[in-house]
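Colleague: Pasting a structure below so you can have a look.
Quick note: the coordinates plus some simple rules give every number you see, no bench work behind them. Everything quoted here is computed from the prediction, not taken from an experiment. All Cβ positions, glycine included, derive from the backbone under ideal geometry; neighbour counts span all protein chains shown.
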2 protein chains.
Amino acid sequence: MDLIHIDDPQDPRVAAYLDIRERDLVGRHGRFVAEGKVVLDVLLSAGRFAAESVLVLENRLAGLDETLRKAPADLPVYVASGEIIDRIAGFHMHRGILAIGSRGPSQSAGALLETLPANALVVVLVGIANHDNMGSIFRNAAAFGASAVLLDATCCDPLYRKAIRVSVGAALNVPFASFDDTTGFIATLDRLGFSQVALSPHGEADIRDAKRTDRLALYLGTEGEGLPESLLARLKTVRIDMAQGFDSLNVAAASAIALHHFSRC
Amino acid sequence: MDLIHIDDPQDPRVAAYLDIRERDLVGRHGRFVAEGKVVLDVLLSAGRFAAESVLVLENRLAGLDETLRKAPADLPVYVASGEIIDRIAGFHMHRGILAIGSRGPSQSAGALLETLPANALVVVLVGIANHDNMGSIFRNAAAFGASAVLLDATCCDPLYRKAIRVSVGAALNVPFASFDDTTGFIATLDRLGFSQVALSPHGEADIRDAKRTDRLALYLGTEGEGLPESLLARLKTVRIDMAQGFDSLNVAAASAIALHHFSRC
């Protein structure tokens, strides 16, 4: 393991960790930040994204031994005191475990769909713009064995720091890809034999009566506006029945119910 | 409606709104803060808690007409400019709609259980210390028609500002009460004819096979430690099956799945 002690917050080797929160807002040009032990463990185990470096609070290093053994031998592991880490990050990093990951080349939704097995549950997200919801949906997708998450162009970034954290690393594990052309995307799913089901408060069937097919795509939209009517008109729709006067669950809660229902786990 | 314009952030009539965030931490001696239009609407409609006053940004007043019509005629409605509201609250209040509610006398868990109908689903929370989870569980409890939420002494406060907000007002609507003596509490539920089911990663039955009884109590614990073994040993336990390698959902997501399963909505 390549342990490097950092004493100067301006050291160019830790430049990618500078001003974490401000950088969250402007993006990181092909990189993302993973934080916390569990997320770091997923980053290093899943192998879907390459880790570029790790930055650890000196008194957290001992507890990371098993996790860091999963890293390539040449991965730089920067170690610093609490004071230096806080000055690098620009705020108090009580977790004290950070990593920079590389996004690598992005895959098209179509290309990702072509790689899926005969038995596949995929999640299609339309307009999910809240990072908490995005992270929670990924966590649920992983828990219930979804093969992929497909995102329309109005969704937020699953590799935003908070989304990764809320997903407990699932955003680094469950394959995802974006699509622009919804019509073409629906046609691709059709061609690949996916039945396509949208969750909607006014869905035509109770989800309890909806059958899982070998290949199934589950569409989820935002809580407020829901999925666009033009989309709903082209898909089977299912609803989650609620108490009188209620017509909306949090979308992450709805994803848990629907993914559990359709899961073969 | 009793409209009162406030020009001075130190006006004693709005003292209960001073330094909102700092007060969140120390508690409010029998009061709570409700924020946002939807939450205010629930506070005034549900009638479970009395509103003491409302504080509204002047340009939000027009949109609140219908909501404020649900308030008692003598409820003071304080109106202020953005600058004054921000100085009262101590931070930028972009929502611009606040209310102070009165907790009133608290009811014991036993007394609350005595009031429930023959058909009742209740949620029992043990060690839920995160306000996001607390709020989400209340939202799900309301969505699926739960009659009450019962909290052990280690749970956080459902009337904490953020918990109310995340619950979208459900914390002001779904009756709740706390209990100290878990053994006595279990005995009370027994006597009242509740079957008692605990959600646990290693539960003996798949939740899909668990039957709803007329009176059912669903126990939920924290994600990390789960419910104490001593408790699990005395209850029926059910699990939510997940993909290999996963053994924990977010407790709010788990509550959504379990409440939907047991709901008669």
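Colleague: Among bridges DSSP assigns within the range B:3-102, what percent are antiparallel (round to 5)?
Modeller: DSSP beta bridges in the range B:3-102 are roughly 60 percent antiparallel.
Colleague: Taking the range A:1-102, which chymotrypsin sites (Phe, Trp or Tyr not before Pro) meet the DSSP loop condition and have no more than 13 other C-beta atoms within 10 Å?
Modeller: Of the chymotrypsin sites (Phe, Trp or Tyr not before Pro), the ones in loops of the range A:1-102 whose Cβ has at most 13 other Cβ atoms within 10 Å are A:PHE91.
Colleague: Report the full-extension gain for the segment A:HIS94 to A:ASP74: residue separation times 0.36 nm, less the Cα-Cα distance, to one decimal in nm.
Modeller: 4.5 nm
Colleague: Take the Cβ-Cβ distance between A:LEU3 and A:GLU83 as r, set R0 to 25 Å, and report the resulting FRET efficiency rounded to the nearest 0.05.
Modeller: FRET efficiency, A:LEU3 to A:GLU83: 0.85.
Colleague: Report the label-to-label distance for A:SER230 and B:SER230 in nanometres (one decimal), using points 7 Å from each Cα along the Cα→Cβ vector.
Modeller: 6.1 nm
Colleague: Arrange the peptides B:243-254, B:183-194 so that the one whose residues have, on average, the most other Cβ atoms within 10 Å appears first.
Modeller: B:243-254, B:183-194
Colleague: Further question: Using only the alpha-carbon atoms, how far is helix B:182-191 inclined from the longest principal axis of chain B? Give it as 0 to 90 degrees, nearest 10.
Modeller: 70 degrees
Colleague: Here's something else I'd like to know. Could you work out the mean count of beta carbons from other protein chains within 10 Å of each residue's beta carbon in A:136-147?
Modeller: Rounded to a whole number, the mean comes out at 4.
Colleague: Right, something else. From the label point of B:PRO117, set 7 Å along Cα to the beta carbon, how far off in nm is each other copy's matching point, shortest first?
Modeller: Computed spacing set for this position: 4.5 nm.
Colleague: Give me a single rounded figure for A:236-246: the average over its residues of other chain Cβ atoms within 10 Å of their Cβ.
Modeller: 4
Colleague: Still on this structure, please answer the following. Provide, for chain B, the number of lysine pairs with alpha carbons under 28 Å apart, each pair being eight or more places apart or on different chains.
Modeller: Going through chain B pair by pair, I get 4.
Colleague: On average, how much area does the Cα convex hull of the protein assembly as shown cover when viewed from any direction, in nm²?
Modeller: 26.5 nm²
Colleague: Out of all DSSP beta bridges with both ends in chain B, state the antiparallel percent to the nearest 5.
Modeller: Antiparallel bridges make up about 25 percent of those DSSP assigns within chain B.
Colleague: Less than 15 Å Cβ to Cβ from A:LEU25, Lys/Arg counted +1 and Asp/Glu -1: what total charge do the surrounding residues give?
Modeller: For residues surrounding A:LEU25, the net value is +2.
Colleague: Shifting gears a bit: If I fit a long axis through the Cα atoms of helix B:251-262 and take the longest principal axis of the Cα atoms of chain B, what angle between them do I get, 0 to 90°, rounded to 10?
Modeller: For B:251-262 against chain B, the angle is about 70 degrees.
Colleague: Right, another one. Can you tell me how much longer the chain between B:LEU25 and B:ASN119 gets when fully stretched, taken as 0.36 nm per residue apart minus their C-alpha distance, in nm with one decimal?
Modeller: 30.1 nm
Colleague: Let me ask you something else. Can you give the extra length, in nm with one decimal, that the chain gains between B:ARG264 and B:SER102 once fully stretched, where that is 0.36 nm per residue apart less the Cα-Cα distance?
Modeller: Gain on extension, B:ARG264 to B:SER102, equals 55.1 nm.
Colleague: Ignoring solvent entirely, what values of log10 I(q)/I(0) come out of the Debye formula for the range B:3-102 at 0.12, 0.14, 0.15 Å⁻¹ when each Cα is a single scatterer?
Modeller: -0.33, -0.46, -0.53
Colleague: Oh, and also: Exactly which trypsin sites (Lys or Arg not before Pro) in the range B:1-100 are in a DSSP loop and have at most 11 other Cβ atoms within 10 Å?
Modeller: Sparse-neighbourhood loop trypsin sites (Lys or Arg not before Pro): B:ARG69.
Colleague: Can you list residues from other chains, or at least 5 along the same chain, whose modelled amide H is less than 5 Å from the amide H of A:TYR78?
Modeller: Hits under the 5 Å cutoff: A:ILE4, A:VAL54, A:LEU55, A:VAL56.
Colleague: Kindly state, to the nearest 0.05, the FRET efficiency for A:LEU18 paired with A:VAL38, given R0 = 22 Å and r defined as their beta-carbon distance.
Modeller: In this case the efficiency is close to 0.35.
Colleague: Distances in nm, one decimal, shortest first, from A:ALA46 to the same residue in every other copy, taking the label point 7 angstrom along Cα→Cβ.
Modeller: 3.6
Colleague: Now for a separate question. Output, in nm with one decimal and in ascending order, the distances from the A:LEU3 label point to the matching label points of the other copies (7 Å from Cα along Cα-to-Cβ).
Modeller: Distances to the matching label points in the other copies: 6.9 nm.
Colleague: Semi-axes of chain A's equivalent ellipsoid from the Cα gyration tensor, sqrt of 5 times each eigenvalue, largest first, rounded to whole Å?
Modeller: Output for chain A: semi-axes of 38, 18, 16 Å.
Colleague: Given bins 5 angstrom wide, list per bin the percent of all Cα-Cα distances in the range A:126-244, short to long.
Modeller: 2, 11, 20, 23, 22, 15, 6, 1
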